[in-house]
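The values are calculated or read from the model by the stated rules, or taken from the named source; none is laboratory data. What you see is a predicted model; the values in this text were computed from it and never measured. Note: ideal-geometry Cβ built from the backbone for every residue, glycine included; neighbour counts use all protein chains shown.
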Amino acid sequence: MVIDRGHGDVVVLVPGIQGRWEWMAPTVECLAQRHRVLSYSLADEPSSGCACDPGDGFASYVRQLEQVLDEAHVHTATIVGVSYGGLIASEFAARHPERVSRLVLASALPTDWTPDARARFYLRAPRLLSPVFVATSPLRLQPEVRAAFPHLTARLRFMARHGARVLRAPTSPVRMARRVRWAEAYHFAAPAAIAAPTLVLT
């Protein structure tokens with residue numbers, strides 16, 4: 001399922017490791033005020049409507065991004081990858097430079113990223129340890145949320161609204177862990193192959 005909003009230059013928003021476009025819905029709506037925005041859930045999400053062969057691993061995400069452009073009848077677009085989605089966006093830009101007019105990598109993982117000790121801990125038993133991950137997530141998010149919303153009331157309102165989005169579009173710890181392993185096993189193209197002007201946000 002591809003979300004298509006707004007008019008103008010095309011921006012494709014690639015979701016992070018949670019795999020659900022709904023988590024970025026406010027960003028989609030904001031960008032749609034000036035652009036035509038396409039977004040979608042990753043191929044192995046049941047709600048994506050996309051066929052995904054687990055044997056293809058990470059390559060299925062790169063192929064899915066090309067399909068999104070084709071189905072929207074778009075030849076070139078600005079590709080925005082968020083977090084894990086940055087891996088997908090940068091790999092697509094390296095392998096299909098003719099289809100990427102600009103590249104934006106927001107809090108993106110580098111192609112040589114490897115899981116740290118904390119990530120390895122969760123990877124050992126993603127379903128069993130998911131309550132721990134969920135319980136500690138607000139603490140990890142606090143520095144960024146505090147920077148974006150200096151006032152406590154605004155922070156609480158944002159966290160409540162985002163929490164509701166997460167509950168409506170739940171992610172799968174097992175699929176998230178699998179995405180990490182797929183990225184580790186994948187042979188990424190050299191970043192030097194990216195020809196598009198690129199904005200990196202950290």
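What to note about this one:
- Of the residues making up the range 25-41, those that are in contact with a Gly (Cβ under 8 Å, 6 or more places away or on another chain) and outside any loop (DSSP other than H, G, I, E, B) are LEU31, ARG36, VAL37.
- Scanning the range 1-45 for residues that are within 22 Å of PHE158 (Cβ to Cβ), surrounded by 24 or more Cβ atoms within 10 Å (Cβ to Cβ), in contact with a strand residue (DSSP E or B) (Cβ under 6 Å, 6 or more places away or on another chain) and of a type outside the set (A, V, I, L, M) returns GLY16, TRP21, SER39.
- The single condition among (1) crowded, with 16+ Cβ neighbours inside 10 Å; (2) at pLDDT 95 or above that SER48 does not satisfy is (2).
- The residues on offer are ILE88, ILE79, and the sole one that is within 20 Å of ARG175 (Cβ to Cβ) and β-branched (Val, Ile, Thr) is ILE88.
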